[in-house]
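The values are calculated or read from the model by the stated rules, or taken from the named source; none is laboratory data. Bear in mind the structure is a predicted one, so any value in this text is a computation, not a measurement. In this analysis, Cβ positions are derived from the backbone assuming ideal geometry, glycine residues included, and neighbour counts consider all displayed protein chains. Just so you know, the surface numbers come from the protein's heavy atoms only, side chains and all, with ligands and any DNA or RNA stripped out. Shrake-Rupley method; radii C 1.70, N 1.55, O 1.52, S 1.80 Å.
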Amino acid sequence: MSPPLLGVEEEVQSSVSSPSVECISENGMGLKERNYLGLSDCSSVDSSGVSSNLNLKATELRLGLPGSQSPERETELCLLNLGKLDEKPLFPLLPSKDGICSSSQKNVVTGNKRGFSDTMDGFSEVKGYVYTEKSWMFHEAGSDSESPQSVGHGKYPGNSGVNVILSTRSPGVQASVKQDEPANVLQEQPRATNGTSLKQTVISDNNTGAPAAKAQVVGWPPIRPFRTKTLAASSKNNDEVDGKPGPGALFVKVSMDGAPYLRKVDLRTYSTYQELSSALEKMFSCFTLGQCGSNGTAGKETLSESRLKDLLHGSEYVVTYKDKDGDWMLVGDVPWEMFIETCKRLKIMKSSDAIGLAPRAMEKSKANNKKEFGYGC
Amino acid sequence: MNYFPDEVLEHVFDFITSHKDRNSVSLVCKSWYKIERCSRQRVFIGNCYSISPERLIARFPGLKSLTLKGKPHFADFNLVPHDWGGFVYPWIKALAKSRIGLEELRLKRMVVSDESLELLSKSFVNFKSLVLVSCEGFTTDGLAAIAANCRFLRELDLQENEVDDHRGHWLSCFPESCTSLISLNFACLRGEVNLGALERLVSRSPNLKSLRLNRAVPLDTLQKLLMRAPQLVDLGIGSYVHDPFSEVYNKLKIAIQRCKSIRSLSGFLEVAPHCMSAIYPICGNLTFLNLSYAPGLHGNKLMKLIQHCRKLQRLWILDCIGDKGLGVVALTCKELQELRVFPSDPFGAGNAAVTEEGLVLVSAGCPKLNSLLYFCQQMTNAALITVAKNCPNFIRFRLCILDPIKPDPVTNQPLDEGFGAIVQSCKGLKRLSLSGLLTDQVFLYIGMYAEQLEMLSIAFAADSDKGMLYVLNGCKKLRKLEIRDCPFGDAALLEDVGKYETMRSLWMSSCEVTLGGCKSVAEKMPSLNVEIIDECEQMEFNLVDKQKVDKMYLYRTLVGHRKDAPEYVLIL
C-alpha cells in the first residue's frame, strides 16, 4: 500500500493533506461521502445533455481526442455543480469566483438542449468552464493551505470539508484516467495542468485499479519478465502477420481513379496522416507515373518520385474516405484516432472531381498543410 | 546389525527413488547411511548455498544426476538484483576435478556462463542431459560447446532462459555421429537457427520424442521435421503462420496426421488462427496444451480448438480465453488436473478477461483439478467457497488478483473467508499464494488448517505481526515462506527463530523488520545465513539497528557464509 501513497505525497503540493488522502484510499470513505452529496444525481441529470453538446464541439473544433473528453466533461460538470453547492458555505471570502462559477455553469446547463447553434457559444463556455474548474481547484488550494480558518468558518467542520472536496474530485479523477490526456485543453489553459496533475495523482491514490498505480509497484503482478517480453514480441508479430481484421489490423480498400486495381492498407500500422500519406504515395506512384508520361529507364525512380510529389502536392489529387454513414469525406479533418475508427474505404480522386466535396474544408486543409494531408487543392 | 548383505540392501534401496524417502533411509543407522550414500545416483539441492560441492562429492561418490536451485523465487519478479549469486561454475569446476561421472545437470534460477557450459561439455564423458530453467548468463556459444562435445547427449532442454543469442551455428555443432537425442527444446531462443542443420539433426535422431522449436522455425520446416519424426510425443511449434490454401499447409496437415503419439503441444509463438484446423486430428490425444505464449489465438478459434481436447490433463492458457472460454474448458476437459491462466495484458487498464466466474465454472466441471495458477481481475469469497467445495484435492493453489489489495467486489469484504475455505477443504494443500485484500484472519485459518503446507507466498496482506505468527506456529511442514509488503516486524521474526532451521528459506521484503531484528536472528542461529540485500546501499553509512530492512533473505546452511556475495549483500 505504501508505493501509491508515496507517489501522491511527492506530487501533491499544497491543497491535499496526506492524512485525508490516506483516509480516502484506505477506508473507502470517499464513496460514502459522494453519495451523501448526491453526486450520482448530478451526473445523471445534468451531464448527459451537456455531454452530447460537448461531443459535437469536440469533433467540430478539434479540441482534443474526440470521444475522450465528454465523460471527463460530464464529471467535471458534476464537480462544478458540487463545487457550486459547496463553495457558497465553505468559501464565503471569494464571492467573485462563485460568480464566474455560477454564470458559466448556467451557460453550460442551458446549452443543454440546444443544437448546433450553441456550439460556437459553447466553445467559449468550454473555456470558461475549464477556467472555472481550474480556479475552483486553486480555490481549494487556497482554502487549505492559506486560510484554513475560512474552511472552519464555513458550514462544515474543517476536516470533513477537506474530505468533501477530495471526494468530489474523485469521480472526475477516476473518469479522466481512462482517457488520453486532454492535451489540447491543457494547451489552451496552461494553468490548468496544475489541477490536472493533482487529479492524476489523486487517481493513483484512490483508484488502485488504475494503470498508474499498478505500474508503480515493482514485481507486481508476479510474472516472469521472460514471459512479458515474449508476449510483447508475439503481439507485435501477430499484428503484422494476421491478415484478418481483428484487434490488431484494420485493412481498408484504397482505390485510385484510373488505376486498374485497388490496394489495401492496414490503418493501424500508421499513427499520423503523414505516414499514411507517404505510404499511399509509394503505393500508387506507378499509376501516376503512367499519367505524367515519363519515359527513360535510368533514374526513373527518382524522377517519378519528385514528379509524383509535384503532382500530389501540386494538388492534382485529393484523398477522400468513406465513413460509417456512407458519406465521402476529405481526409485530414478529424483527429487520427477518430479517423481510423470511422474510415471504411479510401479513394484517391482527381481534384477536379472533388470540387463538390466540402470545398471549405479543403481550403482549411490547405491552410493546415503541415499536419494534415497535403493533397488538398 | 544387518540381516542382509550390503548388496541386497543396495538392491532394495534401488527401488526407493524419492529424495525424501532416501533421506529418511540414510537416517536409520550408520550402515544404512553408508549403503545409501554409496548407491545414491540422484541428488536434489534446493538451495545451492546450503551445501558446498566438495561435501556433496565426498558424500555421494556415485553421483550421476544433480539438480540445483539458485536464486530465491521472488527473483522471478525482479526483486533480486541480477548478480546476487547462484553461480554454477564452482559446482562444475569441483565436479570436473573429482571422479564423479556426471550424466545429468538440472539448474533453476542460476547464473550459467559459457565458460561453465564449455567446462561441463569437456569434463564428463557420459554426460547425457542438460536442463536449464529460468537461468541466465550464457550465449549460444555455450550451447555450441555442449552440442559439439557431448557425444552421447540425449537431452538439451532450455526453458524460459535469458540467452544472448549470437545467431551462431550452434545447431550445426552437433556432429554427424550424434544420433542419441531424445529431447531438444530451444523455444526460448530468440535468434535464427540453421534450418538445414535442424532438419538433418532430426533425421538422424530416431529416438527423438520431444522437440520444441523457437519462433524462427517457419511452417515449411515444421512440416519437414514432422515428416521425419512422426514418433514425437511432445511438440512445441515455433511459428505457425501460413496461407491456408498453400501447398505447404496441405503437406503439414498430412504430416500432423501421421504424428499419432503427440500428447503434449505448446508454442504457437506466432500464429495465424485460421490455420488451426490442421491441428484438430491430434487434439483428441493431448494431455498437455500450452497456449500461454500465443496471444494471437483467442475467441472462437480458440474455443474450437479446446473443444477437440477431451483428454486434456494440463492446460496453460492466456486470460483472453475469458470466462466464457473457461466454461468451454469445463464442459470439455473432464480429466483436467492443472490449470494455469496467465494475463495477456498485465499492466493494462483492468480489462483482464477472467473473473471468479471462470474459475467457478472450471471447478464445477473438472472435479480432478488439483493445481491452479490463476491471474484474474477479481475474486469473491462466495466463489472461493464454491471452488473449495467442488475441488477438495488442491495441492497447489495460486491466485493472483491483478489489483493487489482488492476486496470482494460484491461484499467489499476481505478475502479471508474464501481462502479460509480453501485451506480447510483442501487437506493436501502444499503450495498457496494469496492476493487481494486480506487481514490477519486468513493467516489464522492457514495456521489452523493448512497442515501439509510447504510453500506460502504473501503480498500486501495482514494487519499485524499476528498474521506471521499464526503461520509460523501452525504450519509444521512449512519449508519456504516468502513475504512482501506486509506489516510484519521484529516481534514476528524473532518469536521462534528455531523454526527457520526446519525450513529451506524465508524471504521478507518491504516489511517492518529492522536491522537489529535480523542481527538477532543471525546471532541466535549460526546455522542460518541472514542476508540483507541493500541495492541502494543505504545501509553502508547508516548501520543503525533501528533501520528498516528493505530485503532480507535467510536460509539454513551447513557451510556458513558464502564468499561470492556482491557488495550490496550484507551477511550478518
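Listing for the model above:
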read-out	value
Only Lys, Arg (+1) and Asp, Glu (-1) charged, at Cβ; region B:1-40 dipole about Cα centre in debye	240
Label point at B:Thr139 placed 7 Å out along Cα→Cβ; residues across region B:71-115 whose backbone nitrogen lies under 15 Å	B:112-115
Residues in region B:282-308 that, when all protein chains are in place, have 30 Å² or more less accessible area than the chain alone would give (probe 1.4 Å)	B:Tyr293, B:Pro295
Förster-model FRET efficiency, 22 Å R0, B:Thr411 and B:Ala364, C-beta, rounded to 0.05	0.55
Shielding score for A:226-233, defined as the mean number of other chain Cβ atoms within 10 Å	6
Surface share of carbon and sulfur [accessible, 1.4 angstrom probe, percent] for region B:503-571	51
Percent antiparallel among DSSP beta bridges (both partners in chain B, rounded to 5)	15
Cα-based shape type of region B:503-571, given that a ≥ b ≥ c are square roots of the gyration tensor eigenvalues and the cut on a/c is 1.5	prolate
Estimated buried accessible area (total), pair A and B, 1.4 Å, Å² to nearest 100	3500
Mean accessible surface per residue for chain B, computed with a 1.4 Å probe while every protein chain stays in place, in Å²	40
Relative contact order computed over chain B (Cα-Cα under 8 Å; 6+ residues apart), in percent	6
Electrostatic dipole magnitude of region B:503-571 [Cβ: Lys, Arg +1; Asp, Glu -1; Cα centre; debye, to 20]	420
Cα gyration tensor shape of region B:1-40, rounded if a/c is under 1.5, else prolate or oblate by comparing a/b with b/c	oblate
Charge dipole of region B:503-571 about the Cα centre (unit charges at C-beta), most positive-ward option of B:Asn529, B:Val544, B:Tyr568	B:Asn529
B:Met227 - accessible surface, heavy atoms, 1.4 Å probe, Å² rounded to 10	80
Residue-count net charge about B:Ala144 - beta-carbon cut-off 15 Å; Lys, Arg +1, Asp, Glu -1	-4
Simple Cβ-charge dipole of region B:415-572, Lys/Arg +1 and Asp/Glu -1, about Cα centre, in debye nearest 20	780
Estimated [θ] at 222 nm from DSSP helical runs (n ≥ 4, -39500 (n - 2.57)) normalised by residues in chain B, nearest 500	-9000 deg cm²/dmol
Given charges at Cβ of Lys, Arg, Asp, Glu: region B:1-40 dipole, positive-most of B:Pro5, B:His19, B:Ile35	B:His19
Stretchable slack from B:Asn300 to B:Asp83, in nm (0.36 nm times residue separation minus alpha-carbon distance)	73.6 nm
Listing of region B:63-109 residues, each with accessible area lower by at least 20 Å² in the full protein assembly than in the chain alone (probe 1.4 Å)	B:Asp76, B:Phe77, B:Asn78
Percentage relative contact order, region B:503-571, counting C-alpha pairs under 8 Å, at least six apart	46
Cα lying deepest toward the dipole's positive end in region B:224-361, options B:Ser292, B:Gln307, B:Ser261, charges on Cβ	B:Ser261
Neighbour net charge for B:Glu176 - beta-carbon separation under 10 angstrom, K R +1, D E -1	+2
Probe 1.4 Å - accessible area at B:His298, Å² to nearest ten	70
Solvent-accessible area lost in complex, 40 Å² minimum, residues of region B:241-277 relative to chain alone, 1.4 Å	B:Glu270, B:His274
Percent accessible area from carbon and sulfur atoms, region B:1-40, protein chains only, probe 1.4 Å	62
Environment charge of B:Leu444, counting only residues whose C-beta is closer than 12 Å and scoring Lys/Arg +1, Asp/Glu -1	-3
Square roots of five times the Cα gyration tensor eigenvalues for chain B, Å	38, 34, 23
